[in-house]
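Student: Got a structure here, written out as structure tokens. Questions coming.
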Amino acid sequence: AEFDRVKARLRADGLLLWQADGYEADDLIAQATEAALHAGHHVRIASGDKDFLQLLGPDVDYLSLRTFDVVGPEKVREKYGVDVAQFGDYLALVGDKSDNVPGCPGCGPVNAAKLLNRCKDLADLAVELDRDAASVTTPKMAQALRENWAQIELARKLVDFRTDAPIRFEDIYDERQQQPLTEGPIDMDEPDDFETTPEPVSTKVEQLGSEEPTPTHAPIAVDDRAPVVETQAIAVAPTVEFSRGLEPISIGGAYKLARGLFESRLYQRFNNAEAIMAVIIRGREMGLGALTSLDAFHVIEGKPAPHAYLIIARAKADPDCEYFQCVESTATSCTWETKNRCNPSVTRLTYTIDDAKKAGILKPGGNWEKRPGEMCRARAGTGLARMEYPAAACGLYSWEELTND
């Protein structure tokens, strides 16, 4: 059911989806690549699956969704030691755990590259093993290849692509438009299920067709000779300061705004309009505008989590805060200091890279490795804010803390 919703959402976003029973997505991408080349296009395959390196050529490159590097044929030779035309054979020898391709036990990347530099492909390698195995590899490796040759041939079939799926490449030229993500039109003037009627601040009675209003406490005399005077009660809504003129003033208004923002597709880290509304309301409790709230919050494990510096800003704005400042910051540590008017002395908190190591939150390639000083500043600042100004921090944990990144 989730996969069906994903496909429906992608189509609503105006994207083309190809689907064919009995084929993998890899097959459809390979087939589309072949058709695009035939139509004279340059192709870029965006994926995290290195099987697609087999398809590279003068007009085909590969965007790695893991490193975001663009890879061409020369990069394959540089990294793996084989040509693009040999890469399928290379995978068959080495195996691919992510695709459950076994390969040949004991034949790692170095051995596979050596074998394919001496023999152009697996067929040539099979001939050489029968003719003169010692000329291409060691006796131990030759034995492993012979014993696992059926497995190697199966692996070669598994990493190959099919290009006979019943899809129409011409569909790629069709015009597609984004469709609404929520059901029904969004009318900012009509009430909905969330709308509440505010208590009127004042009430006045207008006489339609009369210049003088009739007091509400006096009965209206009925005279057959005089026209009936129709009255209408008008509730005067509370005024909103101009700087907040676009802000919602009710739950219904917040929901309508949330639906409109969800339809804009500018806040796609929130899964639905209800999540956007919840964050808007959470931010309003903290005195933030709607869009500021959406920019300042992430949703981590189903909980709105603000940026670290929003928590620090709330601590600085606390009435009991005399000052709150970073007094020392290096690439490996940071110290914040504050003076709470209710305390006799200043309070300091230091967070270091060693603290992060002890907590086990350093990840290769993560922000702790790329920007350790900034991460230490965020950790020390939010920790001190919660310790000295719990009412301002409201038990908040920043998204940097919740994700450890």
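The values are calculated or read from the model by the stated rules, or taken from the named source; none is laboratory data. Source: prediction; values computed, not measured. For neighbour counting, all protein chains shown are included, and Cβ atoms are generated from backbone atoms with ideal geometry for every residue, glycine included. Protein only, heavy atoms only, side chains kept; ligands, DNA and RNA dropped before computing areas. Shrake-Rupley method; radii C 1.70, N 1.55, O 1.52, S 1.80 Å.
Student: Which residues, taken from the range 39-94, are among the β-branched types (Val, Ile, Thr) and in a loop (DSSP other than H, G, I, E, B)?
Tutor: The first filter runs over the range 39-94 and keeps only residues among the β-branched types (Val, Ile, Thr), leaving 43, 45, 60, 67, 70-71, 76, 82, 84, 94.
Selection gives 67, 82.
Student: Which of the residues belonging to the range 349-378 are in a loop (DSSP other than H, G, I, E, B), more than 16 Å from residue 398 (Cα to Cα) and touching a residue at least 40 places away in the same chain (Cβ under 8 Å)?
Tutor: 363
Student: Still on this structure, I have one more. With the condition kept exactly as written, say whether any residue in the range 139-150 is within 42 Å of the chain's Cα centre (by Cα) and either open to solvent by 60 Å² or more (accessible area, probe 1.4 Å) or among the hydroxyl-bearing types (Ser, Thr, Tyr) (or both).
Tutor: no
Student: If you don't mind, another one. For residues that are in a loop (DSSP other than H, G, I, E, B) and touching a residue at least 12 places away in the same chain (Cβ under 8 Å), scanning just the range 379-401, find the one that is surrounded by the fewest Cβ atoms within 10 Å (Cβ to Cβ).
Tutor: 394
Student: Right, next: What do you reckon, is residue 170 closer than 30 Å to residue 17 by Cβ, open to solvent by 70 Å² or more (accessible area, probe 1.4 Å) and part of a helix (DSSP H, G or I)?
Tutor: Yes.
Student: May I pose another question? Against the definition (of a type in the set (Phe, Trp, Tyr) and either part of a strand (DSSP E or B) or closer than 18 Å to residue 393 by Cβ (or both)), how does residue 267 come out, yes or no?
Tutor: No, not satisfied.
Student: Continuing with the same structure: Can you name the residue in the range 12-27 that is among the hydrophobic types (A, V, I, L, M, F, W, C) and part of a loop (DSSP other than H, G, I, E, B) and is also least open to solvent (accessible area, probe 1.4 Å) among such residues?
Tutor: If we take residues in the range 12-27 being among the hydrophobic types (A, V, I, L, M, F, W, C) and part of a loop (DSSP other than H, G, I, E, B), then 20 is least open to solvent (accessible area, probe 1.4 Å).
Student: Something else now. I'd like the full set of residues that are in contact with a helix residue (DSSP H, G or I) (Cβ under 9 Å, 6 or more places away or on another chain) and farther than 23 Å from residue 177 by Cβ, limited to the range 270-286.
Tutor: 274, 275, 277, 278, 279, 280, 281, 282, 283, 284, 286
Student: Search the range 284-308 for residues that are on the phi > 0 side of the Ramachandran plot and pair each with any residue that is at pLDDT below 85 when their beta-carbon atoms are under 7 Å apart and the residues are at least 6 apart or on different chains.
Tutor: These pairs meet every condition: 301/402.
Student: Filter the range 291-324 for residues that are at pLDDT 90 or above and part of a strand (DSSP E or B); which is nearest to residue 349 (Cα to Cα)?
Tutor: Result: 324.
Student: Output the residue which, of all residues in the range 376-402 that are over 24 Å from the mean Cα position of the chain (by Cα) and of a type in the set (Gly, Ala, Ser), is modelled with the lowest pLDDT.
Tutor: Among them, the one singled out is 395.
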